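Structure first, commentary second.
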Amino acid sequence: MPYALRNLLVLPLLALPALAQAADLDGSTLSLAWVLPFAGILLSIALFPIFAPGFWHHHFGKITACWTVLFLLPFTASFGVGSAISLIVHALVTEYIPFIMLLLALYTVSGGILVGGSLHGSPRVNTSILAIGTLLASIMGTTGAAMLLIRPLLKANDNRKHQVHVVVFFIFLVANVGGGLTPLGDPPLFLGFLKGVTFGWTFQHMLLPVALLAALLLLVFYAVDSYFYRREDEEFKPHHDQPLRLYGKINFLLLAGVVGAVLLSGFWQPALHFELAGVHAELQNLVRDGLLLLLTIISLWITPKQVRAGNEFNWAAILEVGKLFAGIFVTIAPAIAILRAGTAGQLAGLVHAVSGADGQPVNAMYFWMTGLLSSFLDNAPTYLVFFNLADGDASTLMGPLAQTLLAISMGAVFMGANTYIGNAPNFMVKAIAEQRGVAMPSFFAYMLWSIGVLMPLFALLTWIFF
């Protein structure tokens, strides 16, 4: 949304003193019943595609909107119109708009890069593509790397009967694990960067866990893909490679611009902000989102139409993510508030679980609690909850509590791969694969993959690092 239009929409709110309320909820006063609409969205995402796929495909936006309304109506009745509007503005301005602007820019710009030709979708080639994507994810973000490489990977395997495992491991590696080396890779690490965690600390401490987990996943994938490849009939095996060529290369410069815009909002701190219904909108974030929108428009303008046609580029995947996460960002507020309330909230048991009797952090539990909640809640605010619970001061967390910060970082990044909703690129990859005819597993069937493959590796990481 252009900022001039956004300002026009929020201008009437600024004139109402009743709206100048804190956007944060007092989680200590909330019951778990307030989390039911959020749980309803998650269950809808899980169950409708299984039991009513056609209905879900045509009406998922309306279903998400219904759950959102079912949350907002009693919330407004209980806390007042001012608090409801403040919550919505907070969700939109500080969370949803930055989230969707970054995804939109990466989706559009990477969708303007066409990898022409085709590769033989053999285990060696597939593993190489996953390895390259894993490396790129920390440079251009998990969304950028995933959108750049998912189509060439699907094309390389379009003559194979067994493709699902290729996409599942792509989600594990490129859409999640690979983003763990820098704050550019995954939103939780970027929030840590904004809180004072340095680039150098993130790279130095996350390098070994990311490298180890990625290497193990690539080895497992190679074994699984080799098994399925041997089971392919000869008629389904691709035989002829075509030389690879890149089209729309100007978009690589725009990708660099996206990275620059994100970095700008982290390094440039003018200490200027605007009040929007009691919510602080900081200038550097507004500038970043404006630049991302501008880069999106430029990419659409300068990329030849035949390049996007070659990618079968359309807006379906980003629209699905946009509609679903709009509801998620609003209805998730009580869940995050209850967690932030710590021992005073209804989820005090979780808070007690991450601390020992002496009050010291139990790093293994920080890893698992951050990770499991990030699998179903948004991993960025979940990271912040445990960041603040551990100490909240970046210098302390990078020093005496370095292992605790490592546990929080690993949990938020790695376990986003546990479900389709754990990280936004997961959904986008799934949607693109389904558009290409791949019968992706249901919500729960995908979780069987993550439980079977990822959980044993997470247990190994716990033993090694914590």
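The values are calculated or read from the model by the stated rules, or taken from the named source; none is laboratory data. Just so it is clear, the structure is predicted and the values come from calculations on it, not from any experiment. Methodologically, a virtual Cβ is constructed for each residue, glycine included, from the backbone with ideal geometry; neighbour enumeration extends over all protein chains shown. Note: accessible area is taken over every heavy atom of the protein model, side chains too, but ligands, DNA and RNA are not part of it. Shrake-Rupley method; radii C 1.70, N 1.55, O 1.52, S 1.80 Å.
Please state which one of A402, A407, A364, A380 is within 30 Å of V164 (Cβ to Cβ) and either of a type outside the set (D, E, K, R) or at pLDDT below 90 (or both). I'd like the intermediate steps shown before the answer.
Details: A402 fails: within 30 Å of V164 (Cβ to Cβ); A407 fails: within 30 Å of V164 (Cβ to Cβ); A364 fails: within 30 Å of V164 (Cβ to Cβ).
Criteria check complete, one pass: A380.
Would you be able to say whether some residue in the stretch 234-257 is under 30 Å from V164 (Cβ atoms), of a type in the set (D, E), open to solvent by less than 50 Å² (accessible area, probe 1.4 Å) and modelled with pLDDT under 80?
No, the conditions are met nowhere in the stretch 234-257.
Got at least one residue in the stretch 279-296 being of a type in the set (A, V, I, L, M, F, W, C), out of contact with any Gly (no Cβ under 8 Å at 6 or more places or on another chain) and in a loop (DSSP other than H, G, I, E, B)?
The answer is no; no qualifying residue exists.
Which of the numbered conditions does D225 fail, given that it passes all the others? Conditions: (1) surrounded by 18 or more Cβ atoms within 10 Å (Cβ to Cβ); (2) farther than 20 Å from I113 by Cβ; (3) at pLDDT below 85.
(3) is the only condition that D225 fails.
Considering each of E312, E275 in turn, give the residue that is part of a strand (DSSP E or B) and either among the aliphatic types (A, V, I, L, M) or touching a helix residue (DSSP H, G or I) at 6+ places or on another chain (Cβ under 9 Å) (or both).
Details: E312 fails: part of a strand (DSSP E or B).
Sole residue among the options that is part of a strand (DSSP E or B) and either among the aliphatic types (A, V, I, L, M) or touching a helix residue (DSSP H, G or I) at 6+ places or on another chain (Cβ under 9 Å) (or both): E275.
How many residues, within the stretch 194-204, are part of a helix (DSSP H, G or I) and open to solvent by less than 50 Å² (accessible area, probe 1.4 Å)? Walk me through it before giving the result.
Quick first cut of the stretch 194-204, residues part of a helix (DSSP H, G or I) only: 194, 199-204.
Filter once more, so that each one left must be open to solvent by less than 50 Å² (accessible area, probe 1.4 Å): 200-202.
Looking only at that region, the number is 3.
State the number of residues belonging to the stretch 49-97 that are of a type in the set (A, V, I, L, M, F, W, C), crowded, with 19+ Cβ neighbours inside 10 Å and out of contact with any Ser or Thr (no Cβ under 7 Å at 6 or more places or on another chain).
Of the residues in that region, 10 qualify.
If A281 satisfies all but one of (1) closer than 28 Å to M206 by Cα; (2) in contact with a His (Cβ under 7 Å, 6 or more places away or on another chain), what's the number of the condition it fails?
(1)
Out of all the residues in the stretch 161-182, which are under 15 Å from M440 (Cβ atoms) and among the hydroxyl-bearing types (S, T, Y)?
Residues satisfying the conditions do not exist here.
For the stretch 341-455, which helices (runs of 4 or more DSSP H) that fit wholly inside it have 1 or more residues that are farther than 18 Å from T143 by Cα and open to solvent by less than 10 Å² (accessible area, probe 1.4 Å)?
363-376, 379-390, 394-398, 402-414
Just for helices (runs of 4 or more DSSP H) wholly inside the stretch 37-136: which have at least 3 residues that are under 26 Å from Q163 (Cα atoms) and touching a residue at least 60 places away in the same chain (Cβ under 8 Å)?
Those helices (runs of 4 or more DSSP H) span 97-110.
Cβ-Cβ under 7 Å, sequence separation 6+ or interchain: first residue in the stretch 431-457 and hydrophobic (A, V, I, L, M, F, W, C), partner open to solvent by 30 Å² or more (accessible area, probe 1.4 Å) and in a loop (DSSP other than H, G, I, E, B). Which pairs?
Close Cβ pairs satisfying both conditions: V438/Q163.
Any idea which of (1) at pLDDT 95 or above; (2) within 30 Å of L405 (Cα to Cα) is the one L294 doesn't satisfy?
With (1) at pLDDT 95 or above; (2) within 30 Å of L405 (Cα to Cα) applied to L294, the lone miss is (2).
For the stretch 262-295, what are the residues that are within 15 Å of T108 (Cβ to Cβ) and buried (at least 20 other Cβ atoms within 10 Å of the Cβ)?
D289, L292, L295
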